[in-house]
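Before any comments, here is the structure.
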Amino acid sequence: MTYRAGIVGCGRIGSEFDDDPRRKEVATHAGAYRAVAGVDLIAACDLDTEKLKTCGTRWRIPSLYHDSAEMLRNETLDILSICTWPSSRMAIVKQAVNSGVRAIFCEKPIADSLADAAAIIQLCDGRGVVLQIDHQRRFDRFHQEVRAFLQAGRLGRIQQVTFRYTAGIANTGSHMFDLLRFFFGDVQWVQAVYSENDSHNPDDPNIDGMLRFRGGPLCMVQACDARSYLIFEIDCLGTDGRLRVTHSGFDVDFYEVKESALFSGYKEIHPAASPVDSQVQRDCMVQGVAHLIECLREGKKTISSGEDGRAALELICAFHESARADGKRIPIQLVDI
């Protein structure tokens, strides 16, 4: 069976990232649909005529629309990618579910409120629609192997974690919080303050803070100014060594515990060959679409579910609430903001 797919939102993650000559991997929804066997990209929608036309030509999409409701009425779609602003996603999910779509591949964050996130999950569950959130590192074999390495205790007891990011607590923070949960599980509480380092988006500030995992380590979150450089990295210090995932997840540094060459009776950490191979093909979007099709065919739950999307959004909301209250400790679960 060949699944029929459509896209709402032909901007960067929908189509345009694949125009970057420095990107070596497929980086968009449209590109992933064209790269995966068993799915045909037949329709796209965007309010911007130029973006829509460019996307349609680039990916040979036969049916183009300015209105998502019209597209869903006219086309019989099995899969819909939603690549629009978070505030619009609730309405599009309703349209998609009512049209008979069987799976939704939704960009992050899942919504702009926890109430809408819960409603989206309920709508999809009620109609048996597979809801997958594009926290794409979950689909990446390298990040899956890092998770297995950490959860097997091969770094010993995790003592401290530090995460550094740029470009907004919702924009980049959604990926950050999801990856932290993927590695370490649920969060007990957070504390946060607004960062002195600008995100360059007044609607999505940088926020510094810390969070405590349930039965696990403390994690420091540090925002940097994107005008200086891009950074997305995690530093894990265990009792048996250190693991740093760097270069936006494309490289890894590993350190093992050895006797100190400087001080008798002490141990230090020294650079060593990494037990996790980062030199694998980084085709997160392609693997995400392939996984979504697998879930459809086999009736499985996705590894990046609506509940995972809501949990990441909850941490974004908690950081905002704590920062507004000058660093007040906020327990998880929240209600809404």
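The numbers here are math on the coordinates, done by the rules we state, and not lab data. Predicted, not measured: the structure shown is a model, and the values here were computed from it. Glycine also receives a Cβ, built like all others from the backbone with ideal geometry; neighbour counts cover every protein chain displayed.
Structure data summary
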| read-out | value |
| --- | --- |
| Per-residue ³J(HN,Hα) for region 20-34, Karplus 6.51 cos²θ - 1.76 cosθ + 1.60, θ = phi - 60°, Hz, x for Gly and Pro | 6, x, 7, 7, 9, 10, 4, 10, 10, 5, 4, x, 5, 4, 6 |
| Charged-residue dipole, Cβ positions (Lys, Arg, Asp, Glu), region 60-186 about Cα centre, Debye nearest 20 | 500 debye |
| Leading residue at positive end of dipole, the chain (Cβ point charges), from Tyr266, Met210, Gln95 | Tyr266 |
| Cα-centre dipole for the chain with unit charges at Cβ (Lys and Arg positive, Asp and Glu negative), debye to 20 | 680 debye |
| Peptides ranked, highest mean first, by Cβ atoms within 10 Å: ranges 123-131, 8-16 | 8-16, 123-131 |
| Three-way shape call for region 254-337 based on the alpha-carbon gyration tensor, with the a/c threshold at 1.5 | oblate |
| Ascending count of other beta-carbon atoms within 10 Å, so fewest first, for Tyr33, Tyr229 | Tyr229, Tyr33 |
| Highest to lowest packing among 301-314, 257-270, 53-66, scored as the average C-beta count within 10 Å | 301-314, 53-66, 257-270 |
| Relative exposure of Ile169, Ile104, Ile158, judged by other C-beta atoms within 10 Å (fewest first) | Ile158, Ile104, Ile169 |
| Global form of region 179-337, assessed from the alpha-carbon gyration tensor, a/c cut-off 1.5 | oblate |
| Equivalent ellipsoid semi-axes, region 167-241, via Cα gyration tensor eigenvalues times 5, rooted, Å | 23, 14, 11 |
| Potential extension, Asp19-His200 segment - 0.36 nm per residue separation minus Cα distance | 62.8 nm |
| Cysteines in the chain that, by Cβ-Cβ distance, have no pairing candidate under 4.7 Å | Cys45, Cys83, Cys106, Cys124, Cys219, Cys224, Cys236, Cys284, Cys295, Cys317 |
| Euclidean distance between Cα centres, region 5-51 to region 140-191, Å | 28 Å |
| Charged-residue dipole, Cβ positions (Lys, Arg, Asp, Glu), region 39-87 about Cα centre, Debye nearest 20 | 160 debye |
| Cα-based shape type of region 29-104, given that a ≥ b ≥ c are square roots of the gyration tensor eigenvalues and the cut on a/c is 1.5 | oblate |
| Contact order relative to length of the chain, as percent, for alpha carbon pairs under 8 angstrom and 6 or more apart | 18 percent |
